[in-house]
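The structure under discussion appears below in the form of structure tokens.
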Amino acid sequence: MRVIRAKDYKDMSRKAANLISAQIILKPDAVLGLATGSTPIGIYEQLVDWYQKGDIDFSNSMSVNLDEYCGLPAKHPESYHYFMQKFFFSHINIQPQHTFLPDGMEKDTQKECTRYSTLIRSLGGIDLQLLGLGHNGHIGFNEPSDHFSADVHVVTLTESTIQANKRFFGSADDVPRQAYTMGIRTILQAKRIVMAVSGKEKAFIVREAFLGKITPAIPASILQLHPDVWLVGDAEALSEIPEGTL
Ligand code: GLP
């Protein structure tokens, strides 16, 4: 585990973007595992800026996203398809046919889980997985549970996640109740993991996830077992991780 301490959100975004940029420079056809939520927006903005300056080329890169809400079409403004277009894909030269997300509109959930798992394997796995951190310790949409779910699966969102994500929707009632997500094994099979965290409201869960016990009650805690994790956070989010403990 490596911890990268940033001053603030902008600095955290630049440092995390640097790791992604380095990955693309070292391996132009890298498979990037991408994340949504408010935290990675600054990272995507930074990467777009470097792309526009001619410093990064995504033409051979591929991407697979962590998750997608069930029942939201790609054109719905709160779907993760839409998010990725809005903040990242439409601004860079990644080829549209090289970008993948779960299909939230597929009603045959078993079929979709199998399709997405098979697809990730067929790409040769994920070189770098970007993660945010849910307030309850979720990664992707792997919610707290009494077990770790391995592969791509459908989850029922917890009340805490619905409350946290309602800010993007009209009301809590409008937040879809279910989502497709990569499983814990899918995430752990990524060769490198970059977790981005920001803000003091994440400090407690960052400490629980990285200094607490490894438990499916805090899904992110399993990252303690991955050999190549970079925790990139601003001062507030890392305020409960004393220097030298990780
Ligand atoms: C959603 C996403 C997660 C993300 C989390 C935290 O639930 N499925 O991938 O990490 O939100 O979001 P934020 O960065 O807005 O706190």
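The values are calculated or read from the model by the stated rules, or taken from the named source; none is laboratory data. Just so it is clear, the model here is predicted, and its values are computed rather than measured. Because the Cβ atoms are built from the backbone with ideal geometry, glycine has one as well, and the counts that use them run over all protein chains shown. Just so you know, the surface numbers come from the protein's heavy atoms only, side chains and all, with ligands and any DNA or RNA stripped out. Shrake-Rupley method; radii C 1.70, N 1.55, O 1.52, S 1.80 Å.
Report every pair of residues separated by at least 6 positions or lying on different chains whose Cβ atoms are under 6 Å apart, first residue within segment 128-148 and hydrophobic (A, V, I, L, M, F, W, C), second open to solvent by 10 Å² or more (accessible area, probe 1.4 Å) and assigned to a loop (DSSP other than H, G, I, E, B).
Cβ pairs passing all conditions: F148/P216.
How about segment 6-33: which of its residues are among the aliphatic types (A, V, I, L, M), over 16 Å from the mean Cα position of the chain (by Cα) and in a helix (DSSP H, G or I)?
Within segment 6-33, A22, I24, I25, L26 qualify.
Please identify the pairs in which a residue from segment 190-219 that is free of Cβ contacts under 8 Å to residues at least 60 places away in the same chain has its Cβ atom under 8 Å from the Cβ atom of a residue that is surrounded by fewer than 15 Cβ atoms within 10 Å (Cβ to Cβ) and assigned to a loop (DSSP other than H, G, I, E, B), counting only partners at least 6 apart or on another chain.
Matching pairs, first to second residue: L211/T245; L211/L246.
Being more than 21 Å from T109 (Cβ to Cβ), open to solvent by 20 Å² or more (accessible area, probe 1.4 Å) and among the hydrophobic types (A, V, I, L, M, F, W, C) narrows it down to one of I222, I214, so name that one.
Numbers: I222 fails: open to solvent by 20 Å² or more (accessible area, probe 1.4 Å).
That would be I214, the only listed residue that is more than 21 Å from T109 (Cβ to Cβ), open to solvent by 20 Å² or more (accessible area, probe 1.4 Å) and among the hydrophobic types (A, V, I, L, M, F, W, C).
Of everything in segment 121-160 that's small (G, A, S) and within 9 Å of the ligand (Cβ to nearest atom), which residue is farthest from the chain's Cα centre (by Cα)? Give the steps one after another, and end with the answer.
Our first condition is that a residue be small (G, A, S); within segment 121-160, this holds for 122, 124-125, 132, 134, 137, 140, 145, 149-150, 160.
Then drop every residue that is not within 9 Å of the ligand (Cβ to nearest atom), which leaves 132, 134, 140.
Details: G132: 5, G134: 10, G140: 6 Å.
Ranking the qualifying residues of segment 121-160, first place goes to G134.
Each row is one residue, and each column tells you yes or no for (1) surrounded by fewer than 21 Cβ atoms within 10 Å (Cβ to Cβ); (2) in contact (Cβ under 8 Å) with a residue 60 or more places away in the chain; (3) not in a helix (DSSP H, G or I).
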| position | (1), (2), (3) |
| --- | --- |
| E68 | no, yes, yes |
| H76 | yes, no, yes |
| M84 | no, no, no |
| G104 | no, yes, yes |
| Y116 | no, yes, no |
| I126 | no, yes, yes |
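Which of the residues spanning segment 34-57 are assigned to a loop (DSSP other than H, G, I, E, B) and touching a helix residue (DSSP H, G or I) at 6+ places or on another chain (Cβ under 7 Å)? So that I can check it myself, show each step before the final result.
Going through segment 34-57, the residues assigned to a loop (DSSP other than H, G, I, E, B) turn out to be 35-40, 53-57.
Passing the criteria: T36, I56.
What pairs can you find where one residue is in segment 29-52 and within 21 Å of K166 (Cα to Cα), the other is within 14 Å of the ligand (Cβ to nearest atom) and basic (K, R), and their Cβ atoms are less than 9 Å apart, with a gap of 6+ or different chains?
S38/R167; T39/K202
Kindly indicate the residue of segment 3-46 that is away from the ligand (no atom under 12 Å from the Cβ) and β-branched (V, I, T) and also nearest to T245 (Cα to Cα) among those meeting that condition.
Once the filter is applied, the top-ranked residue is V3.
Within segment 1-14, can you find the residues that are open to solvent by 60 Å² or more (accessible area, probe 1.4 Å) and in contact with a Ser or Thr (Cβ under 6 Å, 6 or more places away or on another chain)? Even if it seems obvious, please write down each step before you answer.
Taking segment 1-14 first, the residues open to solvent by 60 Å² or more (accessible area, probe 1.4 Å) are 1-2, 5, 7-10, 14.
Matches in segment 1-14: Y9 only.
Could you list, in sequence order, all residues of segment 154-205 that are open to solvent by 30 Å² or more (accessible area, probe 1.4 Å) and charged (D, E, K, R)? Steps first, answer last, please.
Of the residues in segment 154-205, the ones open to solvent by 30 Å² or more (accessible area, probe 1.4 Å) are 154, 156, 158-160, 163, 166-168, 170-171, 173-174, 177-178, 185, 188-189, 191-192, 200-201, 204.
Across segment 154-205, the qualifying residues are E159, K166, R167, D173, D174, R177, R185, K191, R192, K200, E201.
For every residue, the table says whether it meets (1) under 22 Å from A220 (Cα atoms); (2) buried (at least 16 other Cβ atoms within 10 Å of the Cβ); (3) hydrophobic (A, V, I, L, M, F, W, C).
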| site | (1), (2), (3) |
| --- | --- |
| A16 | yes, yes, yes |
| L19 | yes, yes, yes |
| T36 | yes, yes, no |
| T39 | yes, yes, no |
| G54 | no, no, no |
| Y80 | yes, yes, no |
| T99 | no, yes, no |
